[in-house]
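Following: one structure in structure tokens, then a few remarks.
The values are calculated or read from the model by the stated rules, or taken from the named source; none is laboratory data. No experiment lies behind these values; they were computed from the predicted model shown. Neighbour counts run over all protein chains shown; Cβ positions are idealised from the backbone, glycine included. These area figures cover heavy atoms from the full protein model, side chains too; ligands, DNA and RNA do not enter into them. Shrake-Rupley method; radii C 1.70, N 1.55, O 1.52, S 1.80 Å.
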Amino acid sequence: MDNPLLDTRAGALPAFAAIRPEHVEPALQDTLAANRATLERLLATSREAAPSFEDLILPLEELGDRLQHVWSPVSHLHAVANTPGLREVYNRCLPLLARYQTEIAQNAELYRLFAAVAQTVPEGRADGARALLDHALRDFRLAGVTLPPEKKQRFMEIMEALAGKQALFEQNLLDAMAAWSHHETDAAKLDGIPANTLERAAEAARAAGREGWLFHLDQPSYVAVLTHARNRELRALFHRAWSTRASDQAPSPPGLDNGPLMDEILALRHEAAELVGYTDFAEYSLATKMAASVPEVRTFLERLVVASRFAGRSEFAELEAHAGHALEPWDVAFHAEELRLRKFAISDEELRLYFPLPRVLEGLFALVGRLYGLRLEADGQVAVWHPTARYFRVLDSDGTPIGGLYMDLYARPEKRSGAWMDDCISRKRLDGRLQLPVAHLVCNFAPPTATAPSLLSHDEVLTLFHEMGHALHHLLTRIDYPSISGIHGVPWDAVELPSQFMEGFAWEPEILAMISGHHESGLPLPPELVERLRQSRVFHGALHMLRQLEFSLFDLRIHAEYSPGQGGRIMKLLGEVRDAVAVVPAARYDRFPNGFAHIFGGGYAAGYYSYKWAEVLSSDAYAAFEEEGVLNPAPAARFRREILEVGGSRDIAAAFHAFRGRPPDIAALLRHSGITAAAASETGTGPAAA
Ligand code: ZN
């Protein structure tokens, strides 16, 4: 076989070194054609005799796995080893993939067969078979499979229109940002701005053939100016530019105003939700999530508001007292940074010296060994896509192999920014043979230099722990059906539970001792620095909480309260949410929704609350370790069995209950955010179940 992407033997690792752009489209076309042919055959057989789970669903699981074997290496390389050739073929293949997925989702005959098979599988079957079928049936219905032809047609049109409008929202935002710049020649006005930000601005000026500094409106520059610039007018200027992006208040071209588009997006979402039987888009969005209903989410968020508002007001009052004057929105980050430095004297650069990547990894592997008995063994023989990427075999406490982990941790120009975990191979046992799961863990840390190893900030340590939490969720699964094994089939608002949970360990003195070692002296982080780091964790915890709650409630309400007669009422609802939540004043010109790509660009629509929802779960799960001992293998074994192993096979609320012995409680999140139970109870509301 000369196309390495067509090696779909169970468990075969991708031949990363041999994959070329010219392999991609033929491999995908071949696989899609073969899958379609198999599907036709399965449907034909099913017309003769009613199929069983084994006759119909297992072969379909195989088709999905076969496609993953072809496409996962391609999308991975597109993210970490991008070349113009690969990008071109990747973009050409996306519509082929989308068409195939739509064909399946809209196949009414297949839907009826799934429904018939579901009748034969008892609810709660231990292997997750019934959960798999229930998820599939739900997704068929959400894709409009049961609609009569004209309504189905309309549903498809809406989905296409939405894809276009959501993309245009993001495009307008990018164009509006690109249309703005600020030129400065007076160095005195730039006082306080960090050197690397200034250097980029100086470079941009040189490239434009100008003197001085030319600032663009990218997020790092914006954050650097708002946090560090001493000049108040400069901060106000940047604040206005940022918070009016793509709006009627912006200096940018009027054609880039996202306002009308946002109303259209809300209207289309509402119409689509109604077509498939929901009262509004928020209800439609929650159909695939752990949270049961819109009122449940709203009550959850409002309880957190009540619990945090008193603490938020005190934090803001302390900040104004520190500044010595009333604070405008463009003053907050600047004075907060000053106050943080004064209170904790903690510097990222000082901390970095104690976190050389090899030491952190060694400590992280040791932690995973202590908790779950796992061993990770580097295997240099496995083909990778870059010399610094590594592959580890993952072994259980008794030496049994349980999976594999690729790590690619350094930033490179041809690599997408950010950090993520992705599944390379999913666990599968369909015909008696076991295919072990394999994960990708990708970060963008500064590479080592000739004289020093890669040195991580504590934030970057948290990132590494976070992604390791996702990887363990993928690797420790015991579920045999790929579509519900590992992270597959886990609701969006619960998928961050295992990852945020892992971050908790990176704040513990005993774990910090395991993962730190000065890159020259080898000495662990001094106790006094550990203490200051731990104290700084909760700095402005309530203010951050309130900001996230404001976004979450706004997102929920504009989707839940949309009415075709009244339109979006976006700024009106935002005003109501702010009145109820915010303690930091907003500027009159502020049009933050016009830049809220998380929800208007797609993805998090009526789902922004998921961040906080999952954080309640992860904080409360981690609190079990605080109670029983952070290195105690007993809660670890329970967490592994009840949460990490079950994938999407089990109701997460039930899984959480089994782990914790009770429903989730918001108290741990409040405590981890520095919001004391006392402050919460002064407002009359104690912690309550999430
Ligand atoms: Zn995550």
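Whether any residue in region 321-337 is part of a helix (DSSP H, G or I) and closer than 30 Å to residue 488 by Cβ is what I want to check. No, region 321-337 contains no residue that is part of a helix (DSSP H, G or I) and closer than 30 Å to residue 488 by Cβ. The residues of region 152-178 that are loosely packed, with under 14 Cβ neighbours inside 10 Å, over 24 Å from the mean Cα position of the chain (by Cα) and more than 20 Å from residue 278 (Cβ to Cβ) amount to a single one, 178. Criterion applied to 667, 587, 654 was being surrounded by fewer than 20 Cβ atoms within 10 Å (Cβ to Cβ) and closer than 26 Å to residue 327 by Cβ, and the one residue passing it is 587. Of 426, 417, all but one fail to be within 16 Å of the ligand (Cβ to nearest atom) and either of a type in the set (Ser, Thr, Tyr) or open to solvent by 10 Å² or more (accessible area, probe 1.4 Å) (or both); the exception is 417.
Here are 614, 597, 606, 636: which of them is farther than 30 Å from residue 159 by Cα and buried (at least 17 other Cβ atoms within 10 Å of the Cβ)? Walk me through how you get there before you give the answer.
Values: 614 fails: farther than 30 Å from residue 159 by Cα; 597 fails: farther than 30 Å from residue 159 by Cα; 606 fails: farther than 30 Å from residue 159 by Cα.
None of the other options fit; the residue is 636.
Of everything listed in (1) closer than 30 Å to residue 338 by Cα; (2) free of Cβ contacts under 8 Å to residues at least 40 places away in the same chain, the single unmet condition for residue 279 is (1).
Quick check: is even one residue across region 201-215 closer than 19 Å to residue 337 by Cα and open to solvent by 30 Å² or more (accessible area, probe 1.4 Å)? No, region 201-215 contains no residue that is closer than 19 Å to residue 337 by Cα and open to solvent by 30 Å² or more (accessible area, probe 1.4 Å).
Of all residues in region 460-508, exactly one satisfies the criterion of being of a type in the set (Val, Ile, Thr), near the ligand (Cβ under 10 Å from one of its atoms) and assigned to a helix (DSSP H, G or I), namely 463.
Name the one entry in 38, 31 that is part of a helix (DSSP H, G or I) and closer than 30 Å to residue 393 by Cα. Spell out how you get there, then give the answer.
Numbers: 38 fails: closer than 30 Å to residue 393 by Cα.
Only one candidate passes the filter, namely 31.
Please count how many residues of region 179-192 are in contact with a strand residue (DSSP E or B) (Cβ under 9 Å, 6 or more places away or on another chain), loosely packed, with under 13 Cβ neighbours inside 10 Å and in a helix (DSSP H, G or I). The total comes to 1. Per the conditions (1) in contact with a Lys or Arg (Cβ under 7 Å, 6 or more places away or on another chain); (2) farther than 18 Å from residue 354 by Cβ, the sole criterion not satisfied by residue 515 is (2).
Of the residues 389, 333, 321, 345, only one is open to solvent by less than 60 Å² (accessible area, probe 1.4 Å) and more than 30 Å from the chain's Cα centre (by Cα); which?
Numbers: 389 fails: more than 30 Å from the chain's Cα centre (by Cα); 333 fails: more than 30 Å from the chain's Cα centre (by Cα); 321 fails: open to solvent by less than 60 Å² (accessible area, probe 1.4 Å).
Selected residue: 345, the only one of 389, 333, 321, 345 that is open to solvent by less than 60 Å² (accessible area, probe 1.4 Å) and more than 30 Å from the chain's Cα centre (by Cα).
The set of residues in region 510-522 being within 30 Å of residue 613 (Cα to Cα) and open to solvent by 60 Å² or more (accessible area, probe 1.4 Å) consists of 510 alone.
Listed conditions (1) under 21 Å from residue 264 (Cβ atoms); (2) at pLDDT 95 or above are all met by residue 167, apart from (2). Close contacts from region 408-433, counting a first residue that is more than 30 Å from residue 455 (Cα to Cα) and a second that is assigned to a loop (DSSP other than H, G, I, E, B) and within 16 Å of the ligand (Cβ to nearest atom), with Cβ to Cβ under 8 Å and a gap of 6+ residues or different chains, come to 426/486; 426/488; 427/486.
Considering only region 217-227, I want to know if a residue exists there that is more than 26 Å from the chain's Cα centre (by Cα), open to solvent by 10 Å² or more (accessible area, probe 1.4 Å) and within 27 Å of residue 603 (Cα to Cα). Taking every residue of region 217-227 in turn, none turns out to be more than 26 Å from the chain's Cα centre (by Cα), open to solvent by 10 Å² or more (accessible area, probe 1.4 Å) and within 27 Å of residue 603 (Cα to Cα). In region 380-390 there is no residue that is under 30 Å from residue 129 (Cα atoms) and without any contact (Cβ under 8 Å) to a residue 60 or more places away in the chain. The single condition among (1) at pLDDT 95 or above; (2) closer than 24 Å to residue 437 by Cβ that residue 7 does not satisfy is (1). Scanning region 439-446 for any residue that is touching a His at 6+ places or on another chain (Cβ under 7 Å), modelled with pLDDT of 95 or more and within 16 Å of the ligand (Cβ to nearest atom) turns up at least one such residue. Using beta carbons and a limit of 8 Å, which pairs, at least six apart or on different chains, have the first residue in region 449-477 and in contact (Cβ under 8 Å) with a residue 60 or more places away in the chain and closer than 20 Å to residue 529 by Cβ and the second one within 11 Å of the ligand (Cβ to nearest atom) and not in a helix (DSSP H, G or I)? Filtered contacts from region 449-477: 464/419. Among the conditions (1) open to solvent by less than 10 Å² (accessible area, probe 1.4 Å); (2) assigned to a loop (DSSP other than H, G, I, E, B); (3) in contact with a Ser or Thr (Cβ under 8 Å, 6 or more places away or on another chain), the only one that residue 291 does not satisfy is (3). All of 549, 525 fail the test of being away from the ligand (no atom under 16 Å from the Cβ), modelled with pLDDT of 95 or more and open to solvent by 10 Å² or more (accessible area, probe 1.4 Å), apart from 525.
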